[in-house]
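Dumping the structure here so I can ask a few things about it.
The values are calculated or read from the model by the stated rules, or taken from the named source; none is laboratory data. Note that the coordinates shown come from a computational prediction; the quantities given were computed from them, not determined experimentally. Positions of Cβ are generated from backbone atoms using ideal geometry, with glycine treated the same way; all protein chains shown enter the neighbour counts. Heavy atoms of the whole protein, side chains included, go into the accessibility calculation; ligands, DNA and RNA do not. Shrake-Rupley method; radii C 1.70, N 1.55, O 1.52, S 1.80 Å.
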Amino acid sequence: MLLLAATTFAAAGGIHYQTPMLGQMAAEFGVDNAAIGWIPTASFGGFLVGITFLVPLGDRLDKRRLIITQHCAAVVMLVAAGFAPNLVALAASCFLIGMCACYAQAVVPLVAELAPASERGRAVGTLLSALFLGILFGRLAGGFVASHLGWRAMYWIGAAILGLLTPALIARLPHSAPKTGLPYPQLLASMVTLVRTHADMRRVVLIQLLLGICYGGFWATIATMLLKVHALGPQVAGLIGIPGAAGILVARPAGRMLDLRGPGPIVVIGISAIIAAYGVFAFGVWWVAALALGAVLLDCGLRATMVANQTIVNSLAPDARSRSNTIFGFSVWSGNAAGAFIATSALAASGWLAVCAVSALAAGAALAVQLRSKNRGRSPISAERP
């Protein structure tokens, strides 16, 4: 678990180093804000492509082989990004970094496979804590290193961190037997069958899509809102990411609670926290501290819900855990993208309170979906317990 958590932590930072460095990159290449926006677009686009087309291979191949291959490729791509001579080369490197970094999503089904059913929630919670902490580290380290050594140095340091883990992965990462011999096209098509077959999968996908709208909408508009309403720059927006990382402290306790009480109560509490967060965010028009407090509630609610729902997904089809994680990740990232578009449009048309209203409605719809789900007897998690 220590090795897998450290690997997940290091991999998660790869696509988030850029966040505070974009201004420095734009200045070096002499491009405007619209052009430099291709860097995060390429990174997150590559991540989504990797989740969709590479993570499912974990059911057809030895997960050890898949993880180590992507890990080593990520090292190469990080080094290449550090040497990028122009914006196009950097965007291409960032796209490939995103594709490689998605192997963190292959580690989750491996942990779910190795952990006993009675401890699976705790194990997944531990891994997601490392993932969330890696995202925070990527954002903070990117800003610090870029300020002192330049943005290129951050990519080289990121490659070095992954490189230090490589010998341990090769020596210690366990093998995982393939779960299916389906040809690759059928492997991808089978994900549609998984969604059709499992009502719990459909419920989780819808809930995470709705909650992704809430999360993506906040982070896509907070910097613009602070500038327009409070005349505060990007440094303050970045600092809100610190209280907004409170979910790191929630993931493991949520996993332990899940092992004891099942996922239902955690999902309800998590969604309720997100609804409360947007009630607090509404006061951000007059009180900046409300934005930091709301960020704590938003992240805690989202992370707790993700731990519960991702554990459910990994319990539905033991022979298709990689494909199940692909479905889960696609719903989360699609929600984030949709939320960014919806919230940006709402902010431009009607202001911050419109952003809060739209996101609160999305969270309310997610809560309704959870509460209306019928009790089908034992959950897929408890059904595996002796």
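Count the net charge of all other residues whose Cβ sits under 13 Å from the Cβ of residue 277, scoring Lys and Arg as +1 and Asp and Glu as -1. Mind dumping the intermediate values first?
On the way: positive: 303; negative: 299.
That sum, taken over residues with Cβ under 13 Å, equals 0.
Against the globular-protein guess of 2.2 N^0.38 Å, express the Cα radius of gyration of the stretch 33-80 as a ratio, rounded to two decimals. Write down the numbers at each step before the final one.
Values: Rg = 13.3 Å, N = 48, 2.2 N^0.38 = 9.6 Å.
Normalised by 2.2 N^0.38 Å, the Cα Rg of the stretch 33-80 equals 1.39.
Shifting gears a bit: Please compute the per residue accessible area over the chain with all protein chains in place, 1.4 Å probe, rounded to a whole number of Å². Mind showing how you got there, number by number?
Values: 15700 Å² over 386 residues.
Per residue, the chain has 41 Å² of solvent-accessible surface.
Quick one: which of 159-172, 11-24 comes out on top by average Cβ neighbours within 10 Å, and what's the full order, highest first?
On the way: 159-172: 14.6, 11-24: 22.9.
So the order, starting with the most tightly packed, is 11-24, 159-172.
Additional query: May I ask for the percentage of alpha-carbon pairs in the stretch 172-320 that lie more than 26 Å from each other?
Values: 4491 of 11026 pairs.
Distances greater than 26 Å cover 41 percent of the Cα pairs.
Averaging over every viewing direction, what projected area does the convex hull of the Cα atoms of the stretch 5-101 cover, in nm²?
Numbers: hull surface 24.5 nm².
That works out to 6.1 nm², a quarter of the Cα hull's surface.
Pick out which of 129, 147, 315 has the largest mean-square fluctuation in a Gaussian network model of the chain, springs linking Cα atoms closer than 10 Å.
Result for the chain, Cα springs under 10 Å: 147 fluctuates most.
Further question: Using only helices, what value at 222 nm comes out for the chain when you add -39,500 (n - 2.57) per DSSP H run of length 4 or more and divide by the total residues, to the nearest 500 deg cm²/dmol?
Values: 17 runs with 302 residues, N = 386.
One gets -26500 deg cm²/dmol as the mean residue ellipticity at 222 nm.
In the Gaussian network model of the chain, springs joining C-alpha atoms below 10 Å, which of 204, 332, 88 carries the largest mean-square fluctuation?
Among 204, 332, 88, the largest GNM mean-square fluctuation belongs to 88.
Take the Cα gyration tensor of the stretch 62-173, multiply each eigenvalue by 5, square-root it, and list the three semi-axes largest first, rounded to whole angstrom. Don't jump to the answer; show the numbers that get you there.
On the way: eigenvalues 161, 52, 28 Å².
Each semi-axis is √(5λ); the values are 28, 16, 12 Å.
Give me the one-decimal Kirkwood hydrodynamic radius in Å for the stretch 300-345, with the sum taken over alpha-carbon pairs.
Details: mean 1/r = 0.0859 Å⁻¹.
Computed over Cα pairs of the stretch 300-345, the Kirkwood hydrodynamic radius comes out at 11.6 Å.
At a 1.4 Å probe radius, which order do 219, 286, 156, 151 fall into by accessible area, largest first? Mind showing how you got there, number by number?
Details: 219 70, 286 180, 156 100, 151 5 Å².
Of 219, 286, 156, 151, the descending order of accessible area is 286, 156, 219, 151.
Given a 1.4 angstrom probe, I'd like the percentage of the accessible area of the chain that is carbon and sulfur, rounded to a whole number. Each step should come with its number before you reach the end.
Values: 11030 of 15700 Å².
Carbon with sulfur: 70 percent of the solvent-accessible area.
Once the Cα atoms of the chain are picked out, what are the Rg and Dmax in Å?
Both quantities, over Cα of the chain: 20.1, 63 Å.
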